[in-house]
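Input: a single structure, listed below in structure tokens.
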Amino acid sequence: MEDLISSYDEMVTGEGSFRPHWRALMHTLRGLSPQQLAEKQARAALQIADADAFIARTIPPSGSPGGRMLDLLPLVLPGDEWRAIEAGLVQRARLLNAILTDLYGAQRLVAERRIPPGLVFASPAFLRPLRGVAPVAQAPHLYFYAADLIRLPSGEWRVFSDRSQAPGGVGYALHHRDMLARVLPEAFRAVAVRPLRPFIESWRQSLYAVGSAVAPDGPRVALLTPGPYNDAYFEHVLLARELGISLAQSANLTVRGDFVYLKTLQGLSRVDAIYRRVDGDYSDSLELREDSELGVAGLIEVVRKGHVAVLNMPGAALVETPALTAFLPELSRHLLGEELRLHAVTTWWCGQQRALAEVTAAFDRFALQPVFEPDPELIEPATLSPEARARFEATLAARPEGFVAREKMAPSITPSLASDQLQQGKMGLAATPVVLRVACVWHGGEWHALPGGVARVVSDHSIYRNALRPGGVTKDVWVLADDDRRERIPVSATAATARHTGEDTVLRSRTADDLYWLGRYVERLESGTRLFLAAFRRLAAGGIGARAGAELARLAEALKRTGWIDSALAATPVDSAMFLDAMTGAAASGTMLRATIDSIMRLTMATRDQLSPEMWQTQHRLAAHAIAHFNGDGREVDALIESLERTIATIAAVTGLAAENMVRGPGWRFLDLGRRIERGIDDARATVGVMSGPVAQYEAGLRLALELCDVTSGLLRSPFELDLGRSLHFVLAASGNPRSLLYQLDRISRHLAALEQMSGASVAPVPIPALTKLIASFPDDLPDPDRADAVIAALFERLNRTVADLAALSDGITRSFFSQVAAPHRTGISAGPFERAR
């Protein structure tokens, strides 16, 4: 990177005064103390970390967020300057689309040698099966276009790279604007900033207009995402919500006949337009990359027949290569009859003799990279050793067509808050170089630009990175309004997305499956945590007496039956140091605990679009707490108790938010259905565990059963605790006890009835009557030992059968609701306790 002294200063003129479009913002910031700015910066950082799945998983134990950071100071652009950028961006989109139309059609530009054939036919981005395949519904090849811009020391904006594959940025721009509106509202009151949401509304109308051209009666539009482990998944979720379209992974879509369908609970629903966020060559494993698991097999043939529009068309990445840049001015005159408005930085494709001569004559002024590398390793001749430089010169001379050279430029600098000085109570600004990501979308025959974007702070070679990856510092981009069209505050992402409710009524079968298992794993974690907590409270009490020993033995049996510890640990004497050490290890970092937490994190990411922002944040706080729990330095009993209690409290917050914030639709039903089935299984197994043993110790088992049901201490001190029939009725069958087994079975029956009515599917009935009859026959008083054994044995048999019935019911739910074919789905319930993870 060149010395920043030679860079254009976005905020300050050469005379040292503020540029006019920065004055209002800086005047506002001067009214805030360094402490206030530091607090606002910290709040913005935490909100970014809470919202972004990838970042939320990497919060360090100290609590300071890692990864992507949002600087409070935006990049400010005056309206007239933006209009010039906008005009150039739109013209560039028109030009690149015209080039794509020709290269996937008549290929006159190649025949006339206006574009070298090697830049087309040797490019891995040229998808030959798409030759002759016209976009559907008169949509362009390049529906969505983005560009990374840098400003030269002269003040002129130049394109550093074109983005035509599946570019991101708009979702992050919306998120940044929402965050700043929350933490820095005074700036929006002082500065007239153009809003971003009209662009989103125009984009939404465009998508549905394309879909309507394919299917006039109620088109369905889907955003095709690689899934929750993609770096940009947070943006995919946000855009799907804002645009009111379905969010779909490969597994959610299928080709049947000549159409693409979305798998839903009601069956297959036709998809008419797909906004593609999967790389083009991965979009169809049948005609493109056969190893792809991210696309839809047969998609290209459906496009070929005109039955689905894919935006951008696969193969659009062909015009991303910087080697094409040098040919664009002449192509603009030829295809558009216009001079190019927005030029690129000086770029040469070394495959031409004149270009190679220009580069070798001033080698040190250029940075070179392979022509077709999307994320290249940069080669700077000026920094190479004499030996390495000689080797590269020989490589370049032997294969010049394989390299492209770009003149090294110092991006403009813009102020960023200096966190270290703010923490010392000083108002500090740091000069940081930035690259500007801007974007436009096609609507009604024209491209329309987002009035703003994302500014990325760059250093060293990060300017050459092709993606808005997690990590680094980003900024909002403010385009000043010339009239009353300005951003209003407060901006609420939740309120904005609530306008688009069409997706609430249709649930993808894969998402229903994920929600069901998310409910199961959250409930599984709570059940295990309660059992461990009960055990450690007794272990922390000091000397283990007869009563505590009997209760610990039963808790160990319950933990074994529910899969949290193995048989060897359950058989270890509870008053031994070995038992304490092994229990501590199981609670702090056991295999079952880690598998459960990993599953919750994975499923929370997969169901991001179904959860409210508050529930999403709470779920990730649960995961972050679990990570801190695993990474704890010590395994002291009191620390484990505190950690387990926090886990219980966080789970209670998650389930409370689900009860209060989720619409009572199919998504909520599957989430709660999973919880009820898991609680039913764990309640039955735990009851068998704590009630095992000799008759004389039934009292210990009853105490534990009531404790695990959250019975208050006042109730435990009453004679109720010694009443076998009433106690077991409360634990297993009380309609007023939300933790009783029969309560779970009743809720399961209600959910299934509603889901069957909605979808027409049929599932086996829940085994309520037999259990109810058995519990009703229990005597109120504790019978003699011989008869008590028979009564408890009958109860255990019925509870074990209930576990098996619920496992079979889970398989039936999978076949009826989650699969488009009637194939069994392994749940693992009937397998060993450590094989239960899905």
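The values are calculated or read from the model by the stated rules, or taken from the named source; none is laboratory data. Since we're looking at a predicted model, the values are computed, not measured. Cβ: placed from backbone, ideal geometry, glycine included. Neighbour counts: every protein chain shown. Heads up: the accessible areas ignore ligands, DNA and RNA and are worked out on the full protein's heavy atoms, side chains in. Shrake-Rupley method; radii C 1.70, N 1.55, O 1.52, S 1.80 Å.
Quick notes
- Here region 751-770 is the region considered, the condition is being assigned to a helix (DSSP H, G or I) and in contact with a helix residue (DSSP H, G or I) (Cβ under 9 Å, 6 or more places away or on another chain), and the residue that is modelled with the lowest pLDDT is ALA770.
- Looking across region 207-222, the residues that are more than 15 Å from SER269 (Cβ to Cβ) and crowded, with 22+ Cβ neighbours inside 10 Å come down to LEU207, VAL210.
- Residues in region 128-138 that are at pLDDT below 95 and open to solvent by less than 20 Å² (accessible area, probe 1.4 Å): 1 in all.
- Pairs, first among the small types (Gly, Ala, Ser) in region 190-208, second in a loop (DSSP other than H, G, I, E, B), C-beta under 8 Å, six or more apart: ALA192/ALA481; ALA192/ASP484; ALA192/ARG486; SER206/GLY444
- Count of region 818-835 residues which are over 23 Å from THR596 (Cβ atoms) and either at pLDDT 55 or above or surrounded by 14 or more Cβ atoms within 10 Å (Cβ to Cβ) (or both): 2
- If you check THR346, THR321, THR383, THR325 for being free of Cβ contacts under 8 Å to residues at least 60 places away in the same chain and either touching a Pro at 6+ places or on another chain (Cβ under 7 Å) or among the polar types (S, T, N, Q) (or both), only one passes: THR383.
- Within the option set ALA125, ALA44, ALA98, ALA53, being modelled with pLDDT under 95, touching a helix residue (DSSP H, G or I) at 6+ places or on another chain (Cβ under 8 Å) and over 22 Å from VAL434 (Cβ atoms) holds for one residue only, ALA53.
- Boolean, TYR261 is among the hydroxyl-bearing types (Ser, Thr, Tyr) and part of a loop (DSSP other than H, G, I, E, B): no
- Residue within region 210-222 that is modelled with pLDDT of 95 or more, closer than 30 Å to GLY665 by Cβ, in a strand (DSSP E or B) and in contact with a His (Cβ under 7 Å, 6 or more places away or on another chain) present: no
- Taken over region 182-199, the criterion of being open to solvent by less than 30 Å² (accessible area, probe 1.4 Å), within 21 Å of GLU39 (Cα to Cα) and part of a helix (DSSP H, G or I) is satisfied by VAL183, ALA187, PHE188.
- Failed item, numbered, when VAL296 is tested on (1) closer than 22 Å to TYR208 by Cβ; (2) not in a loop (DSSP other than H, G, I, E, B): (2)
- Checking GLN610, GLN697, GLN617 one by one, the residue that is crowded, with 23+ Cβ neighbours inside 10 Å and at pLDDT below 85 is GLN610 and no other.
- Residue count for region 645-684 satisfying the condition of being part of a helix (DSSP H, G or I), of a type in the set (D, E, K, R), open to solvent by 20 Å² or more (accessible area, probe 1.4 Å) and within 26 Å of ALA753 (Cβ to Cβ): 5.
- Filter result for ARG289 (among the basic types (Lys, Arg) and buried (at least 19 other Cβ atoms within 10 Å of the Cβ)): no
- Considering residues of region 370-389 that are among the charged types (D, E, K, R) and at pLDDT below 90 only, the residue least open to solvent (accessible area, probe 1.4 Å): ASP375
- Against the numbered list (1) open to solvent by 10 Å² or more (accessible area, probe 1.4 Å); (2) over 25 Å from ARG241 (Cα atoms); (3) within 21 Å of the chain's Cα centre (by Cα); (4) modelled with pLDDT of 90 or more, ASP513 comes up short only at (2).
- Hey, ASP231 charged (D, E, K, R) and not in a helix (DSSP H, G or I) or not: yes
- Every condition in (1) out of contact with any helix residue (DSSP H, G or I) (no Cβ under 7 Å at 6 or more places or on another chain); (2) within 16 Å of ARG520 (Cα to Cα); (3) open to solvent by less than 30 Å² (accessible area, probe 1.4 Å) holds for THR596 except the one numbered (1).
- Residues of region 390-412 classified as assigned to a loop (DSSP other than H, G, I, E, B) and open to solvent by 10 Å² or more (accessible area, probe 1.4 Å), total: 3
- Answer residue from region 28-41, given it is open to solvent by less than 50 Å² (accessible area, probe 1.4 Å) and part of a helix (DSSP H, G or I) and is farthest from ALA418 (Cα to Cα) among those: THR28
- Among the residues making up region 433-491, those that are charged (D, E, K, R) and either in a strand (DSSP E or B) or at pLDDT 90 or above (or both) are ARG437, GLU446, ARG456, LYS475, ASP476.
- Qualifying residue in region 164-179 (condition: open to solvent by less than 10 Å² (accessible area, probe 1.4 Å) and of a type in the set (S, T, N, Q)): yes
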